[in-house]
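Scroll down for the structure; my scribbles are underneath it.
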Amino acid sequence: MRAIRVFNWRTRSGSQIASEVLATDAGVSDGRERARVAPRIAAGVIAGGAVAVACFLPLFGASPYILDVGTIVLLYIPLAIGQNLVSGNTGLVTMGQAALYGVGAYVAAIASVRFGFDAPLAMLLAVVGTGIVACGIALTTVTVQGDYLMIVSLGINLIFLDVVIGGVSWSGGYVGMPGIAIPSFGPIHIDSGIGFYYLALFGTAVAIVVAEAVLHSHLGRAMEALRDDSVAATLVGIRTMPIKIGIFALAGAMSGLSGAILAYYLSYVGPSDFTTQGSLVIFEMVIIGGLGSVPGSILGAVLLIGIPELLRSVEAYSVGIGGVLIVIMMIVRPQGILGKPPA
């Protein structure tokens, strides 16, 4: 009987074997597809849940202080998402996001104070202008990689600070630019904490939707290929330079939007809000929250901005706390709390 079974196994037709192989391959493909889609669903649920909670926070009788903290956290989320698109998803290690944040704030402030533009036009100019500046940075540093790119990005942050401090005639120098008008969008005048909270929430929602759309497109897969192996990505026909420039521009536009909202929220801009320490904090958000993860960017902003602000006794140590968390994460979970595990 054993010999007969062996004989039957050996004499199966080629079509039967092919069918079994195809069925096995289909099962493996289905498993891989489920493994690929599941994290997307989880990310969408987490991001959507966070936005939903943020939407209803003012309705639960949150105090003005809580709304102020929430507004600052919401302003930092697009910065962290932009940083994550560049570093976590594309693999370009930069640390100058605060400079782009400042470009958006100063463009909006100058458009409002010097030229008297309305808030929608000033914010649009901030988004477009910061995106263009980010493109210029990308073109300048396109041949720089690895740790050198991080050093260059920090240098650009320092150059930005020197320019705005030295440009007393147009930026106010160390004093900054006060007197930014209350933003109006048609019949809607934003002159309260709740109004600015929802304006910041709008900016965050735009950043989340755009980032998720990019990451789940062909561009997102090309970014991951560039991050995993830039040489292999080039060999298979992926044009790496346009991807780098485009992602820099997108991250810059997100930072510019947050910067413009910050300018109107404070009715003032000054160089102290855009230092290299701010860039370091944004970078820490990505590392701790999760590399390549939009929900991780949200979590990182909450952990490093919201919680220290609520616990005022430790606020002065927020950078040090971030450093301790990074050391722990590098040992325990290098990809971050909500980051994708390495393949």
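The values are calculated or read from the model by the stated rules, or taken from the named source; none is laboratory data. Quick caveat, the model's predicted, so the values are computed rather than measured. Every residue, glycine as well, gets a Cβ built from its backbone with ideal geometry; the counts of neighbours run over all protein chains shown.
In this entry, residue 117 passes the filter for residues that are modelled with pLDDT of 95 or more and either touching a Lys or Arg at 6+ places or on another chain (Cβ under 7 Å) or not in a helix (DSSP H, G or I) (or both). Quick one: is residue 217 farther than 26 Å from residue 74 by Cβ and polar (S, T, N, Q)? Against the criterion (farther than 26 Å from residue 74 by Cβ and polar (S, T, N, Q)), residue 217 does not qualify.
Within the range 133-162, the set of residues being buried (at least 16 other Cβ atoms within 10 Å of the Cβ) and among the β-branched types (Val, Ile, Thr) comprises 133, 137, 141, 152, 156. Of everything in the range 163-174, what is assigned to a helix (DSSP H, G or I) and buried (at least 20 other Cβ atoms within 10 Å of the Cβ)? Give them in sequence order. Of everything in the range 163-174, those that are assigned to a helix (DSSP H, G or I) and buried (at least 20 other Cβ atoms within 10 Å of the Cβ) turn out to be 164, 171.
All of 98, 62, 80, 111 fail the test of being farther than 26 Å from residue 215 by Cα and part of a helix (DSSP H, G or I), apart from 111.
Is at least one residue of the range 250-259 under 13 Å from the mean Cα position of the chain (by Cα) and over 27 Å from residue 165 (Cβ atoms)? For the range 250-259, residues under 13 Å from the mean Cα position of the chain (by Cα) and over 27 Å from residue 165 (Cβ atoms): present.
Of the residues that make up the range 193-215, is at least one without any contact (Cβ under 8 Å) to a residue 40 or more places away in the chain, farther than 30 Å from residue 269 by Cα, surrounded by 15 or more Cβ atoms within 10 Å (Cβ to Cβ) and hydrophobic (A, V, I, L, M, F, W, C)? Checking the range 193-215: not a single residue is without any contact (Cβ under 8 Å) to a residue 40 or more places away in the chain, farther than 30 Å from residue 269 by Cα, surrounded by 15 or more Cβ atoms within 10 Å (Cβ to Cβ) and hydrophobic (A, V, I, L, M, F, W, C).
Looking across the range 109-132 at every residue that is under 22 Å from residue 247 (Cβ atoms) and not hydrophobic (A, V, I, L, M, F, W, C), the one that is surrounded by the most Cβ atoms within 10 Å (Cβ to Cβ) is identified as 130.
Every listed requirement among (1) closer than 30 Å to residue 166 by Cβ; (2) buried (at least 24 other Cβ atoms within 10 Å of the Cβ) is met by residue 93 save one, (2). The sole residue among 263, 249 that is in contact with a helix residue (DSSP H, G or I) (Cβ under 8 Å, 6 or more places away or on another chain), modelled with pLDDT of 95 or more and surrounded by 23 or more Cβ atoms within 10 Å (Cβ to Cβ) is 263.
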